[in-house]
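Visitor: Right, I'll just put the structure down here and ask away after.
The values are calculated or read from the model by the stated rules, or taken from the named source; none is laboratory data. What you are looking at is a predicted structure, and each value in this text was computed from that prediction instead of being measured. Virtual Cβ from ideal backbone geometry, glycine too; neighbours counted across all protein chains shown. Accessible surface areas use protein heavy atoms only, side chains included; no ligands, DNA or RNA. Shrake-Rupley method; radii C 1.70, N 1.55, O 1.52, S 1.80 Å.
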Amino acid sequence: MAYGDNVDPKNRVVAIVLVGLLTAVLGYGLVNGLNISIVKKLAEKLDVVDVEEPPPPEEPPPPPPPDNKLPPPPPVVTPPSPIPPPVTSNTIQSVPEAPPRPPLPIPPVAAPPAPPPTPDLSAPGRPKGNPARWATNDDYPARAMREEREGTTGFRVSYDASGKPTGCDITSSSGHADLDAETCKLVMRRARFDPAKDRAGNPSGGSFSSRIKWVIPK
């Protein structure tokens with residue numbers, strides 16, 4: 001801090017006023033021829049003005065530590081122990097293995113229930129009417145009647161799903177070709193059937209076997 005900053009403003013004003021008066025007196029003396037000794041005396045009086053210096057300001061105290069916390073104490077250093085620590089050896093202990101567990105039983109899987117059986121609707125075919133009426137005495141071949149030939153012809157007739165004959169076969173002959181041929185001819189023309197049925201009940205074709213006995217009427 002500069003010295004001028006510590007001088008009291010009042011003393012500064014007094015000094016300025018005295019300097020101004022001294023300047024005025026010196027100038028007046030020079031003009032009027034005053035004695036130099038008078039001027040010196042006045043100057044000595046002015047020099048004896050004592051300007052008191054204010055005492056220097058006191059230094060502010062150091063700021064307190066933050067949050068009023070004291071500095072941590074120095075760490076305590078423990079001297080090393082002269083006795084070495086005991087040496088420990090790792091001991092491995094064997095643990096007996098547990099016996100294997102038996103496998104868990106697998107529960108049997110229940111089989112799904114069997115579907116209910118499908119009802120069997122199958123049925124054999126049967127002829128419509130009396131097969132004995134498929135051939136009558138009126139159907140006897142004229143030549144065979146004149147020659148008095150008689151006999152029994154066995155046949156098998158097949159039919160379709162509508163019950164209509166589709167074929168005729170001689171299974172046993174009467175011994176006369178004309179009587180056998182007349183038998184299949186009459187069966188194919190007159191036979192009709194209720195068709196057979198499969199397991200689902202649907203109509204299906206089939207076959208029918210029988211015999212026709214050729215006898216000359218008396």
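Visitor: Cβ-Cβ distance below 9 Å, separation of 6 or more or different chains: which pairs start in segment 205-217 with a residue that is within 10 Å of Thr136 (Cα to Cα) and end on one that is in a loop (DSSP other than H, G, I, E, B) and open to solvent by 40 Å² or more (accessible area, probe 1.4 Å)?
Guide: Lys213/Glu150; Trp214/Arg149; Trp214/Glu150; Trp214/His176; Val215/Glu150
Visitor: State all residues of segment 133-189 that are under 11 Å from Ile216 (Cα atoms) and β-branched (Val, Ile, Thr); if no residue qualifies, say none.
Guide: The one that is under 11 Å from Ile216 (Cα atoms) and β-branched (Val, Ile, Thr): Thr136.
Visitor: Another question, if that's okay. Quick check on segment 183-195: of everything there that is farther than 29 Å from Pro119 by Cα and open to solvent by 40 Å² or more (accessible area, probe 1.4 Å), which residue is nearest to the chain's Cα centre (by Cα)?
Guide: Going residue by residue through segment 183-195, those that are farther than 29 Å from Pro119 by Cα are 183-191.
Now restrict to residues that are open to solvent by 40 Å² or more (accessible area, probe 1.4 Å): 185, 188-190.
Values: Lys185: 78, Met188: 73, Arg189: 75, Arg190: 75 Å.
This residue is Met188.
Visitor: For segment 138-159, enumerate the residues that are part of a strand (DSSP E or B) and touching a His at 6+ places or on another chain (Cβ under 9 Å).
Guide: Gly151, Thr153
Visitor: Out of contact with any helix residue (DSSP H, G or I) (no Cβ under 9 Å at 6 or more places or on another chain) and under 22 Å from Ser122 (Cβ atoms): does that describe Ala161?
Guide: So Ala161 passes the test.
Visitor: To continue, here is another question. Could you give me the residue pairs with C-beta distances under 7 Å whose first residue belongs to segment 116-129 and is assigned to a loop (DSSP other than H, G, I, E, B), whose second residue is of a type in the set (Phe, Trp, Tyr) wherever it lies, and which are 6+ apart or on separate chains?
Guide: Short answer, once both residue conditions are applied: Gly125/Tyr159; Gly125/Phe193; Gly125/Phe208; Lys128/Phe193.
Visitor: Shifting gears a bit: Check off (1) at pLDDT 85 or above; (2) open to solvent by less than 100 Å² (accessible area, probe 1.4 Å); (3) in a loop (DSSP other than H, G, I, E, B); (4) over 17 Å from Ala191 (Cα atoms) for Pro107 and give me the number that stays unchecked.
Guide: (1)
Visitor: Give the residue, chosen from Ser174, Ser162, that is assigned to a loop (DSSP other than H, G, I, E, B), at pLDDT 90 or above and loosely packed, with under 14 Cβ neighbours inside 10 Å.
Guide: Exactly one of Ser174, Ser162 is assigned to a loop (DSSP other than H, G, I, E, B), at pLDDT 90 or above and loosely packed, with under 14 Cβ neighbours inside 10 Å, namely Ser162.
Quick grid of which residues meet (1) open to solvent by 90 Å² or more (accessible area, probe 1.4 Å); (2) among the aromatic types (Phe, Trp, Tyr); (3) out of contact with any Phe, Trp or Tyr (no Cβ under 9 Å at 6 or more places or on another chain):
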site: Pro119; (1), (2), (3): no, no, yes
site: Gly154; (1), (2), (3): no, no, yes
site: Thr166; (1), (2), (3): no, no, no
site: Lys197; (1), (2), (3): yes, no, yes
